[in-house]
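Below is one structure, written out as structure tokens; comments come after it.
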Amino acid sequence: MTTTRFAPSPTGYIHVGNLRTALMNYLIARKAGGTFILRIDDTDPERSKEEYVDAIKQDLEWLGLHWDKVERQSDRLDRYAEAADKLREMGRFYEAFETPTELDLKRKKQLNMGKPPVYDRAALNLSDAEKDALRAERGNGVWRFKLDHERIEWNDGILGDISIDAASVSDPVLIRGDGQVLYTIASVVDDTEMGVTDVVRGSDHVTNTATQIQIIEALGGNCPRFAHHSLLTGPQGEALSKRLGTLALRDLREQGVQPMALLSLMARLGSSDPVELRSDMAELIEGFDVNRFGAAPTKFDVQDLFPLTAKHLQSLPLADVADAVTDAGVPAELAEPFWAMARENITTLADLKGWWELCRDGAEPLIADEDREFIAEAIALLPDGPFDGETWGTWTKAVKEATGRKGKGLFMPLRKALTGMERGPEMAALLPLLQVIRARG
Ligand code: GLU
């Protein structure tokens, strides 16, 4: 059965880059009728925070990316220790004692000699006595996985055929000197034991994948299918990594971005299919295919989310936005006509408040000198209430007959006098909602 996972480290809020990963994994699982696991990668006790775990769940729930299971790496440390023992027994795991400064120096030397900065495996030559001495002097060493120096190959769901020479990669550290288990092995153990069949993640993980394939094989697990999506850049192709902090999902939510807008964009951006606003999750699932994504960096412009949000809102019935309409101050009896009037004139739900204020308080009229008399005459012709959708038509017809004005010369001064603006909602829909005029009518 298809099983995927989204595996954030709870060291911060999740952003659009993480969402891309979460969404792709979610859609693959749902399309196949499989399982979607939320895996919290919290093996780093110093940087992992409970508040971020809660925030990640909140953000995913807001988007409707519901998970079937939550797993926490901090609950599974014994499993990782067992896997480490296994690697040790197989002779694929070795302790190394170089300090970061020493490693740095080695790297610099290699680079100076025009060689790739790959760990030289000096620790493999240490005798037991030397190791004891180093341990006594420096404390426990780190544990490195001994890669087999052969080519590591896989068919990537996005990047196509990949072939990496293991000799060009350093033996990865899987356990730190202080005993902390690192993501590289924890992830492999989890993916294997949880039956993960498909892993989609950012292309910054390609080298990890190469080493993880060898670890999976060493531990006798099955390799999942891998796909690495390209990294997001800003609209001009500039690196987004520094700005991702400002593109946290909670910030977008704050700014009024609608989940469907965000999901619709992220499910297509960087693929060969056009971005289309989808009306619900079922449509997103139906239209998703990870193989249609390309390897090139993907341009992301936060501004694209607003037209999609506006379009989504336009499509919604009152029932879906009732709380926002109430919060804007609209009385229950006017909610239906108010929403019908406002929905095509908002970018986010936050704009409702302004339209309600216009309805409730009126606006500072915009009246050109040459229109003063005309407006006075028109106001005098306002029919008696109650106003409805026909009132604007009846009234402007009467004004036209009385004043001889027509077209723009008739309608624009009235709109400006009533709303203080040159553009806005259909006047026929707005007029019955203008409380000041209603009172007069
Ligand atoms: N915790 C890892 C990360 O945030 C997970 C990567 C993966 O999907 O394997 O990058």
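The values are calculated or read from the model by the stated rules, or taken from the named source; none is laboratory data. As the structure is a computational prediction, the values presented were derived from the model and not from experiment. Note that we place each Cβ from the backbone using ideal geometry, even for glycine, and neighbour counts take in every protein chain shown.
With the structure loaded, tell me whether residue 21 is within 13 Å of the ligand (Cβ to nearest atom) and polar (S, T, N, Q) or whether it fails that test.
On the way: within 13 Å of the ligand (Cβ to nearest atom): yes; polar (S, T, N, Q): yes.
Answer is yes for this residue.
Identify, please: which residue in the stretch 111-132 is assigned to a loop (DSSP other than H, G, I, E, B) and hydrophobic (A, V, I, L, M, F, W, C) and is, among those, nearest to the chain's Cα centre (by Cα)? I'd like the intermediate steps shown before the answer.
Quick first cut of the stretch 111-132, residues assigned to a loop (DSSP other than H, G, I, E, B) only: 113-121, 126-127.
Right, trim to hydrophobic (A, V, I, L, M, F, W, C) and you get 113, 118, 126.
Values: 113: 43, 118: 35, 126: 47 Å.
Among those residues, the one meeting the criterion is 118.
Looking at 31, 86, which is the one that is in contact (Cβ under 8 Å) with a residue 60 or more places away in the chain, over 30 Å from residue 268 (Cα atoms), more than 15 Å from the ligand (Cβ to nearest atom) and not small (Gly, Ala, Ser)?
Going through 31, 86 in turn, the sole match is 86.
Answer yes if at least one residue in the stretch 135-145 is within 14 Å of the ligand (Cβ to nearest atom), modelled with pLDDT of 95 or more and assigned to a loop (DSSP other than H, G, I, E, B), and no otherwise.
no
Failed condition for residue 204, given (1) surrounded by 19 or more Cβ atoms within 10 Å (Cβ to Cβ); (2) within 12 Å of the ligand (Cβ to nearest atom); (3) not β-branched (Val, Ile, Thr), with all others met?
It is condition (1) that residue 204 fails.
Looking for whichever is in a helix (DSSP H, G or I), under 25 Å from residue 289 (Cβ atoms) and touching a strand residue (DSSP E or B) at 6+ places or on another chain (Cβ under 9 Å) here; the options are 185, 213, 158. Which one fits?
Unique residue meeting the criteria: 213.
Return the residues of the stretch 93-107 that are basic (Lys, Arg) and crowded, with 17+ Cβ neighbours inside 10 Å; say none if nothing qualifies. I'd like the intermediate steps shown before the answer.
Taking the stretch 93-107 and keeping what is basic (Lys, Arg), we get 106-107.
Of everything in the stretch 93-107, just one residue is basic (Lys, Arg) and crowded, with 17+ Cβ neighbours inside 10 Å, namely 107.
For the stretch 232-259, which residues satisfy the criterion of being in contact with a Pro (Cβ under 8 Å, 6 or more places away or on another chain) and buried (at least 19 other Cβ atoms within 10 Å of the Cβ)?
Passing the criteria: only 232.
Name the residues in the stretch 5-18 that are more than 10 Å from the ligand (Cβ to nearest atom) and either crowded, with 24+ Cβ neighbours inside 10 Å or in a strand (DSSP E or B) (or both), would you?
Selection gives 15 alone.
Looking at (1) within 28 Å of residue 311 (Cα to Cα); (2) in a helix (DSSP H, G or I), find the lone condition where residue 347 falls short.
The failed condition is (2).
Let's see how each residue does on (1) touching a helix residue (DSSP H, G or I) at 6+ places or on another chain (Cβ under 6 Å); (2) crowded, with 18+ Cβ neighbours inside 10 Å:
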position: 349; (1), (2): yes, yes
position: 355; (1), (2): yes, yes
position: 359; (1), (2): yes, yes
position: 368; (1), (2): no, no
position: 380; (1), (2): no, no
position: 392; (1), (2): yes, yes
position: 400; (1), (2): yes, no
position: 412; (1), (2): no, no
position: 420; (1), (2): no, no
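Among (1) in a helix (DSSP H, G or I); (2) away from the ligand (no atom under 16 Å from the Cβ); (3) surrounded by 14 or more Cβ atoms within 10 Å (Cβ to Cβ), there is one condition residue 164 misses while meeting the rest; what is its number?
Checking residue 164 against (1) in a helix (DSSP H, G or I); (2) away from the ligand (no atom under 16 Å from the Cβ); (3) surrounded by 14 or more Cβ atoms within 10 Å (Cβ to Cβ), the one that fails is (1).
Going by the conditions given, is residue 228 within 13 Å of the ligand (Cβ to nearest atom) and touching an Asp or Glu at 6+ places or on another chain (Cβ under 8 Å)?
Answer is yes for this residue.
What is the residue count in the stretch 34-58 for residues that are in contact (Cβ under 8 Å) with a residue 60 or more places away in the chain, more than 13 Å from the ligand (Cβ to nearest atom) and closer than 21 Å to residue 80 by Cβ?
Total meeting the criteria: 1.
Looking only at the stretch 269-287, which residues are touching a residue at least 12 places away in the same chain (Cβ under 8 Å), more than 20 Å from residue 62 (Cβ to Cβ) and either of a type in the set (Lys, Arg) or part of a loop (DSSP other than H, G, I, E, B) (or both)?
Scanning the stretch 269-287 gives 270, 272, 273, 275, 276, 287.
Conditions: (1) within 12 Å of the ligand (Cβ to nearest atom); (2) more than 18 Å from residue 25 (Cβ to Cβ). Residue 191 meets all but one. Number of the miss?
(2)
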